[in-house]
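Shown next, in C-alpha cells, is the structure this report addresses.
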Amino acid sequence: MKRLMLICCFAALLVTAANAQTKHAVSPDPLNKAKDLQKELKLTDSQTLKIASIYDDSSKQFEKIKVAENGNTNKMMADIKPLRVSTINKIKAVLTPSQATKYDTMVKTSKDSNGGNGWSDGWSSTESAN
C-alpha cells in the first residue's frame with residue numbers, strides 16, 4: 001500500500017513538474033533539483049520526493065510574488081526572504097540531523113548576490129551553487 005501511494009505521489013509530482021516546466025522554462029525542475037540534493041546529502045527516495053514537492057510549492061509562491069509586485073524588485077526581494085526561510089525550514093524538517101547540518105553549510109557557503117542560492121529556494125538554479 002505504501003509503495004502504491006509513493007508511486008501515485010511520484011506520478012502526480014511528475015505531472016506537476018512537467019506543467020511547471022512548460023509554463024516557466026527558466027525555473028529548474030523541482031524533481032531534478034531535489035535529485036541533485038539527493039546526491040549531495042544521500043537522501044532517501046522518500047526524502048527526495050518530499051523535497052521536490054517543497055521546491056515546487058516554493059517556486060509557485062515565488063511566481064505569485066513576482067506577479068503581485070509587478071516589477072518592483074525591492075519589494076519582491078523583501079517578500080521572498082520569508083519564503084526562503086520557510087523553504088529552508090521545511091527542507092530541514094525532512095532531513096536527518098547530520099543531513100541538516102550539511103544542508104546548512106551548503107546554503108550558507110553558496111549565497112548569490114540576492115542572498116539566496118539554488119538550495120534555499122524552488123526557483124533558482126543550483127549550478128552556480130555547486
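Any read-out appearing in this document is the output of simple, stated calculations on the displayed coordinates, not a laboratory observation. Since the model is a prediction, treat every value here as computed from it, not as a measurement. Please note: Cβ atoms are built from the backbone with ideal geometry, for glycine as well, and neighbour counts cover all protein chains shown.
All other residues with a Cβ under 12 Å from the Cβ of LEU95 taken together, and with Lys, Arg as +1 and Asp, Glu as -1, what is their net charge?
On the way: positive: LYS42, LYS50, LYS90, LYS92, LYS102; negative: GLU40, ASP104.
Once all neighbours under 12 Å are counted, the net charge is +3.
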| request: Per residue of region 49-59, in order, report the coupling 6.51 cos²θ - 1.76 cosθ + 1.60 (Karplus, θ = phi - 60°) as ³J(HN,Hα) in whole Hz, putting x for Gly and Pro. | output: 5, 5, 5, 4, 5, 5, 4, 5, 4, 4, 5
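Around ILE65, with a cut-off of 12 angstrom between Cβ atoms, what is the net charge of the other residues, counting Lys and Arg +1 and Asp and Glu -1?
On the way: positive: LYS60, LYS64, LYS66, LYS75, LYS81, ARG84; negative: GLU63, GLU69, ASP79, ASP121.
That sum, taken over residues with Cβ under 12 Å, equals +2.
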| What length, rounded to one decimal in nm, is gained on full extension from ILE7 through to ASN89, with 0.36 nm per residue of separation minus their alpha-carbon distance? | 27.0 nm
